[in-house]
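*Asks:* Can you read through this structure? Questions will come right after.
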């Protein structure tokens, strides 16, 4: 999803969610029934990997009844992936609780401000920032509301991490854009 707001745009790159069924899952049974769709090597890793092409996700399934879904590009895709896995397992005789608890753990998005940023000036003006260009070329900006971390680069590229809702990404990008613009640390490209 690409969203355009005035002078900037952002795109969600990855949504990570934890899923809990509240009961154990026999991974060997799943691996046998779904051998064409899963990877299971218990001697190397305690979980089973279930990859989907639509939506393009990888979901780790553990015998405890917990799963971790990664690769989704929206919250909606997470729910679709979980539903698809439940249905595929059910079709092969493996029944899981129909309404698992799904919790978004992290949303990562990229953003483009379409302007260059004076990172030294921004670091001096804003609290909750860290800028050490010898160690990392971006400004680390910890926002309190929404509670996310923004990595801001002089090119105007940004990475937002730590969001729990898609709305947090939109609000964070908008907030940072307005703050940088107001403090005159953005240099718009011609």
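*Asks:* Tell me the relative contact order for the chain as a rounded percent, counting alpha carbon contacts under 8 Å between residues six or more apart.
*Replies:* Once normalised by length, the contact order is 22 percent.
*Asks:* Let me ask something additional. With each label point set 7 Å from Cα along the Cα-Cβ vector, what nm distance links residue 103 and residue 43?
*Replies:* About 3.5 nm, to one decimal.
*Asks:* Angle, helix 166-182 long axis vs. longest principal axis of the chain, Cα atoms, 0 to 90°, nearest 10?
*Replies:* Result, in degrees: 10.
*Asks:* Compute the convex hull volume of the Cα atoms of segment 22-99, divide it by the residue count, and report the result per residue in Å³ as a whole number. List each step's numbers first, then the result.
*Replies:* Details: hull volume 6.7 nm³, N = 78.
Hull volume over Cα atoms, normalised by residue count, gives 86 Å³.
*Asks:* Can you tell me what percent of all Cα-Cα pairs in segment 78-166 are more than 17 Å apart?
*Replies:* For segment 78-166, the fraction of Cα-Cα distances above 17 Å is 61 percent.
*Asks:* Can I ask one more? In degrees, nearest 10, range 0 to 90: what is the angle between the Cα axis of helix 75-91 and the longest Cα principal axis of the chain?
*Replies:* It is inclined by approximately 10 degrees.
*Asks:* Give me the tail of P(r) for segment 136-190 as a percent: Cα-Cα pairs with distance above 12 Å.
*Replies:* So the pairs more than 12 Å apart make up 64 percent of the total in segment 136-190.
*Asks:* Considering the chain, what Rg and Dmax in Å follow from its alpha-carbon atoms?
*Replies:* 20.4, 61
Where a number appears in this text, it was derived from the coordinates with a stated rule and is not lab data. Only a predicted model underlies this, so the values are computations on that prediction, with no experimental measurement involved. Neighbour counts are summed over all protein chains in view; Cβ atoms, including those assigned to glycine, are modelled from backbone coordinates with ideal geometry.
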